[in-house]
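Below you'll find the structure, written out as structure tokens, and then a few comments.
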Amino acid sequence: MGGTQAAGRSGEGQARAGVPLQHQRQSERRLGVGNIDGIPGPCRSGRSRTGSDSYRHYRDLRAAVPGIRAARRRHRPRRRVLGIARERTPRQVRPQQMQRPAQRAERDRQALPRGLDALPLPRTAVQGRAGRRQRRGELLHLGGLVRQLRPRQERADRLGEHERCVLRPGRRQVGHAARSVSDGLLRQVVGRAYRRSERRLEGQVAVGDVLDPDGVPCRRRQGEPPQGREVPAAPGSARELTAARISLRTVYRTAGGSLALAAALLLFCIAPAGAEPRFSFATTPGKLPKDVVPRHYALRIVPAPTYDRFDGEAVIDIEVARPVPVIVVNAAELSFKSVKLRASGGGETSLAPSVDPRRETVTLTPATAPIAPGSYRLSIDYSGKIGKHPQGLYQIAYKERDRGRLVDKLMLATQMEPVQARRLFPGWDEPVFRASFDIVAVIDAPLTAVSNMPQSRVELRPDGRKEVSFARSVPMPTYLVALFVGEMDLLEDSVDGIRLGIHTVKGKRERARYAMEATKQIVRYFNGYFGEPYPLSKLDQIALPGGIGGAMENWGAIAYNEGRFLYDPGEDSLRQQQAAYGIIAHEIAHQWFGNLVTMAWWDNLWLNEGFASWMASKTTERFNPSWGMRLRDALWKETALAEDARRTTHPIQTPVENDTRAMDVFDSITYAKGAAVLRMLEGYLGEDVFRAGVRGYMRAHRFSSTTTADFWHHLSAASSQDIGKLVAGWTEQPGYPVVKVLQQCENGAAAVTLAQERFTLNDPGAVPLAWNVPVILADGAGARRTVLLEREPQKLGFERCGAMLANAGDTGYYRSQYDDRNFGRLVPALQGLPAPDRLRLLSDTFALAQAGRVDATRYLALVENLGAETDRTIWDQVTGALRFLRELIDSRGDQAVFDRYIARLLETPFARVGWDARPGEAADAALLRRSLIEALGRAGHGAVVREAQSRFAARAKKAIDPAIRPAVLNVTGRYADEATFEALLERMRSATDMSDKWEAQAALRQVRDPRLLQRLMELMLTDELPPSDAVFNLTHIGEDSGRVEIVWRFVLEHLPAILAKASARGRPHVLPDAASAFSDAARAEELIALTRTHLDATALYQAEKGADWIRLKAAVKAREARRAIDWAQARLGPAQIGSREIPPPLPVKERPSPRNGEKG
């Protein structure tokens, strides 16, 4: 799925593209680990100690660990520790045995311009240890990189691996794999915030165990026989390490709460465990038994004329591998009429369905059991519901202008990912089960039907309807099945022999021409890059007038929200063009990553989404270099860095214990961190080597499933390195490091010490972890060094002292922290740095301030040195950070002071771009103009507010420039009177384009007049908008308007009605979204309590994320709010401090008490 909304709740409400990092809810962590001299760790003073019971118990548990750890060390061999890096000069001659790789390195130098300049080697003390523990480093120089591979000894004290996977019926498993964050996990004593243990089932077990509502089998240690050249898997997988750690919850309970016992077992969990195996069908997780496998589905779907229900027929060819007493399939909200099973040799029997709504399964039981091995045809007649939420088959209500009047219309669409195909047809709704599909739809004669494959036959029926049949599909998982029915126009073309079609609602075909040209360019590029041509005969794309907020990669029938997809150069902005190109590239990339090769289970979702995100960015940058999308990606990476530093983070590879909770991992860690890790790895290996690995992966696993280990295998074969060992920490461990840079100068030369530790924002008890970090250092003169930083500190020498910068080029996924003297050199040098380095320095410094490692004034000092900055991405980061600080200020007088300070900072860049486009201006000047107008308007800048109101009032005579229209509407809406409010409502009601509708809704959410806010919220409880849009607006009005207290009270008063409007996967977000603007720790506890009262345990994960975000803001407010206000006062004159250019247009008696926060 694509789009920012897909990364959270696909289809729940409207998407919010381009929101800066600091505007998003961040319930994040902070680390309290040791320091290197001159670089402080987190500041602990003033830190809020409020937390959930799970955190307090976990803190007590950690306090018991050191003594147990010391005792354990006395009974085991000590680990080998690596030491200081040794450098080689650029022309240093390698030993004879290394000459040949060195020659290869020179050949690859163009693809990878930076070599590795520092080599971690064993300390002398290590070399003197007992013989059986000695290790000699192997120096490898591959693809332009030098690194040392250290063989690692398997630990003898692992948890028993033989107990992890197979559980005999009736026995409780202890050393099992882990669950994802859900079902009350965060209340558990020793459970980490990203996993929970759960019982797993596998193999031939009793029916009662198969029906365990939460049972999901884990993979065995052994995969299938390797394909091609085998590369040894790396020991020490943090993924199973984490799984083992979480499983201690069960042990803790059985020990009667013994902290000592739990702490002792926690130490064992820190030991490395076996790496994730390569794909094996039999051991892939899932609810459904693997003894019965579908080969082909024949589906017939007949929607009712009212579009509220449908009748269905499913004929499924299956293979039964061994005798089974029942057949278990997925089904949700389906009513069964008849179920029959016919053997290939003849003979038919009826099966009795038994529906389990909680597990979303149906058990089909024959009159006589068991069912013998063989081939069968399963025939099911059933009916189902057509809803208004994008789940399964659903309806989209939209408006169309017909001869000057608005006409209400309906169309049908499907959204199957992750687990919604079971709402359209009964089947094996898990990604590892691939089968072919024949689909038939019975629809009204004037309508168009689109599915994965081309139409093969259309037959008119006597009742005036028609029966549309589609060609047989390639084998694919159920979540890629698609069906769309409505009144549509078609734009056609072709590329590389593939028929291309874009379907829009009537009257919008011409706006799809840019999308068609982009599609042709992207498909042609992907055919060449992957070495595997697009395998279908056609590729349709459907522009939907609602429903999903982003897009869905259905094979051969990609669905988009038209607001993200359509672009008219004469009417739309550059921002819309960029968004359209990016999302098209993302979804077409899925036709390879996800469709041709599919992750076996949702714990490897990043193989779909991280890859598609990375490939979309790579493609956009290749064909549109002037857009500067690499810098925008860096800002997007900040969303992952923020979430990944929280107490509630999770690894990229996260066990998903229950398929109905798969949506929890559709987040920025899967998307943005996954893409960032791939980009970092590609830069490390070189583009040619990386692409060779990708091509081998595609070729070996086409029309099949994989795990991350399969991808590492092919990259290892292409690079002759053990990629799993090198990279596993980035995908199997939560979080990321902060690299501390300490520079010491002597006689003009610099000695730089690098050290890493885990970075968190508000979690001093986080488990210490380490990564293999490729660090690129650059000094003020342009000299660069690259070092692979491992667990131990490393030292490098430079010829001169100066402003030393880490993560040069911003290719790494980590934070950098500098000693005070070095940072003092970087501040005045800021404007001379390349844009990616300016952005990284600003982002890292602000994150360090949030974490309590530095004062917020250090960040503000950087901002003061931006000078003539013209890059809109840099200013987006700044305005987001300033807004975060502003929302921590409670006093109205202090708010006015900080608003004036914001206005003073932004007036200079705004004066350079002005209100209107100028000849010859940069491509993204209009985007910067829009960002500054909105930020200045929010700060109450009088001239900006008046000009926005003037342009809105004159819109009938002179249309508002599309490039700045959203900002003009938002500023106008923020200070709206009743007449303006009515005009915005009418704009929303009459909109026939999704982008226009979204703009109007966003402007209405800004309204600060409490009386108008009340009207707006009451309107959201009606049927004025689709239910998902209504819920989204209700839960975000508080953060956008700044009236969080008013909106929070309304949400609580009408909570049953709001929850009834929300979909099942949207309900867990209602309370956290509505509370996210608060910055008082007590509100975090209120959020958790309300969630426990009104929702089931599955909602607690999102509630804990929201509560942690509020606690973080409360801690930062206590520590930094006064500093920020004092900083602003010191830089404003007395007249500026006492003035405010424009007062809110509200009577004094209607002004509410000071707001607590205004996040958005």
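Please work out whether region 739-882 counts as rounded, prolate or oblate from its C-alpha gyration tensor, where a ≥ b ≥ c are the square roots of the eigenvalues and a/c under 1.5 means rounded, while otherwise a/b larger than b/c means prolate and anything else oblate? Oblate. Inter-part distance, region 428-478 to region 339-376, computed on C-alpha centroids, equals 25 Å. Between Ser338 and Ser537, the modelled labels are 3.4 nm apart [label points 7 Å from Cα along Cα→Cβ]. Taking only the alpha carbons of region 289-429, we obtain Rg and Dmax values of 17.9, 65 Å in that order.
Taking a ≥ b ≥ c as the square roots of the eigenvalues of the Cα gyration tensor, region 350-459 is classed as prolate, since a/c reaches at least 1.5 and a/b is larger than b/c. Between Ala1118 and Ser990, the C-beta separation translates, for a Förster distance of 51 Å, into a calculated FRET efficiency of about 0.60. Inter-part distance, region 887-920 to region 829-878, computed on C-alpha centroids, equals 17 Å. The lysines whose alpha-carbon is closer than 23 Å to the alpha-carbon of Lys957, local same-chain residues fewer than 8 away aside, are Lys997.
Using the Cβ of Arg951 as centre and a radius below 15 Å, the other residues enclosed give a net charge of +4, where K and R count +1 and D and E count -1.
Partners of Lys1117 within straight-line reach, counting lysines whose Cα lies under 22 Å from its Cα and excluding those fewer than 8 residues away in the same chain: Lys1105, Lys1159.
Summary of the geometry: region 679-700 and region 532-598, compared by the centres of their Cα atoms, lie 24 Å apart. Inter-label distance, Gln1129 to Arg322: 7.6 nm, where each label sits 7 Å from its Cα along the C-beta direction. Gain on full extension, evaluated as 0.36 nm per residue between Ala749 and Glu792 minus their Cα-Cα distance, stands at 13.2 nm.
Compared with the direct C-alpha span, the chain from Glu510 to Leu1021 gains 180.4 nm at full extension, assuming 0.36 nm per residue.
Going by the alpha-carbon gyration tensor, a ≥ b ≥ c the square roots of its eigenvalues, is region 606-730 rounded (a/c under 1.5) or, if a/c is not under 1.5, prolate (a/b greater than b/c) versus oblate? Note, shape of region 606-730 comes out oblate. Between Glu1053 and Glu982, full extension at 0.36 nm per residue minus the direct alpha carbon distance yields a gain of 23.0 nm.
The count of lysine pairs in region 289-429 whose Cα atoms are under 20 Å apart, excluding pairs fewer than 8 places apart on the same chain, comes to 5. Between Leu410 and Phe623, the FRET efficiency estimated from the beta carbon spacing at R0 = 25 angstrom works out to 0.10. Between Arg695 and Ser891, the simple label model (points 7 Å from Cα in the Cβ direction) yields a spacing of 6.6 nm.
Counting Lys +1, Arg +1, Asp -1, Glu -1, what net charge surrounds Glu532 among other residues with beta carbon under 11 Å of its beta carbon? Neighbour charge sum, excluding Glu532 itself: +3.
FYI, it's all coordinate maths here, none of it is from the lab. For clarity, every value in this text was computed on a predicted model and none was experimentally measured. Heads up, the Cβs are rebuilt from the backbone with ideal geometry, glycines too, and the neighbour counts pull from every protein chain shown.
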